[in-house]
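To keep things clear, I will list the structure first and then write my remarks on it.
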Amino acid sequence: MSGRRHDRGGTAAGGQVPYSDGAFTGVQQTWSNCQDTTGMIRVLVVNPPTLAYTFVVSVQTGSPADEAAYQHILDSFNVDPSVPLTTETVPPSSVAPTTTLAVPVPPSTVAPTVAPTVAPTVAPTVAPTVAPTVAPTVAPTVAPTVAPSVAPTTAAPGFRVVTDDSRTLSVPVPDYWTDTDGAPTTDPAGNAQPALSASPDIGAFVNSYDVPGLYMFETSQDVAGALATLDRTGRCTDAGRQPNPNPAFTGEYQQWLDCGGTATDQYVLAANPVDGRPITVVVLVQVVQDSDFAAVQAAFTQYAVS
């Protein structure tokens, strides 16, 4: 992103990337070459799945020898739930809260007490009727629930949800990305596949590095094949891969920086639904300036395939 060229007291910005480790998700900002040294500053701003609080971790390293210590911090930082927070700030979220399902309680194994039947006083005493013991009802074993790919119905302020013509693909995009195209495309074998584009100007997005935008489609390729198809080697700088942050999918995304010799970056994600459907969804987002990175975060955490 263009923000990588901003100054921070003699420190070069290294860009923001989504962060996810299974316990926390958020954003990591890197600052390098601090005071013309090999020092680096990394700042994590993350939330737990409950969004009950925001956790900020700032780590400064002096040389590559400190990288092992930084990795140990990433592997071990946590919050002690027994210590109360001094303030509780809950960030806004467009994700609906998880509803806790009530667990059914099996009936008691003890038979109810039945009052004895009492005969009239002139008749001989009748033995009380004893209710038979009823076997307890055993609750069936319930298979673990797999997170479904649920299409977002609402978006955060400044965003709106767009879908393709077949209503298969859905993703939030910035409000000002008003130029959309949901027509299907074809794979190399000539088969139709759902596709979706959104941008302030789709033509300029497709043909230049001057305009931000998003392209999403479904393919029969696997994750590795899809990322290879959208390889930007020779046009952009390879900045490595990160794990997919959407819990309804499994995959990864590739970061491409300084595309075409400009400050424009591209983020290419490929992932499979965790429900086992044999498809791969691909999401490409082009970032022209720092403010566009919010579109990457929204798209990569909330894209869905019905």
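Numbers below:
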quantity	calculated
Charge tally in the Cβ shell below 15 Å around residue 168, where Lys, Arg are +1 and Asp, Glu are -1, residue 168 excluded	-4
Estimated vicinal HN-Hα couplings, Hz - the stretch 222-234 in sequence order (Karplus 6.51, -1.76, 1.60; Gly, Pro = x)	7, 4, 4, x, 5, 5, 5, 4, 9, 5, 10, 4, x
Neighbour net charge for residue 305 - beta-carbon separation under 11 angstrom, K R +1, D E -1	-1
Neighbourhood net charge (14 Å Cβ-Cβ; Lys/Arg +1, Asp/Glu -1) for residue 250	-1
The stretch 148-306: C-alpha gyration tensor shape, a/c 1.5 cut-off, then a/b vs b/c	rounded
Rounded FRET efficiency, nearest 0.05, which uses the C-beta distance separating residue 167 from residue 206 and R0 of 25 Å	0.60
For residue 171, residues with placed amide H under 5 Å, excluding near neighbours	162
Other-chain or far-sequence residues with amide H under 5 Å of residue 271's (modelled H)	281
Sorted by Cβ density within 10 Å, fewest first, the residues 21, 164	21, 164
Computed lengthening from residue 56 to residue 154, 0.36 nm per intervening residue step minus Cα-Cα distance	32.5 nm
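Bear in mind that the values in this text are calculations on the coordinates, not laboratory data. On a predicted model such as this, the values are computed, not experimentally measured, just so you know. Quick reminder, even Gly has a Cβ in these numbers, built from the backbone with ideal geometry, and neighbours come from all protein chains shown.
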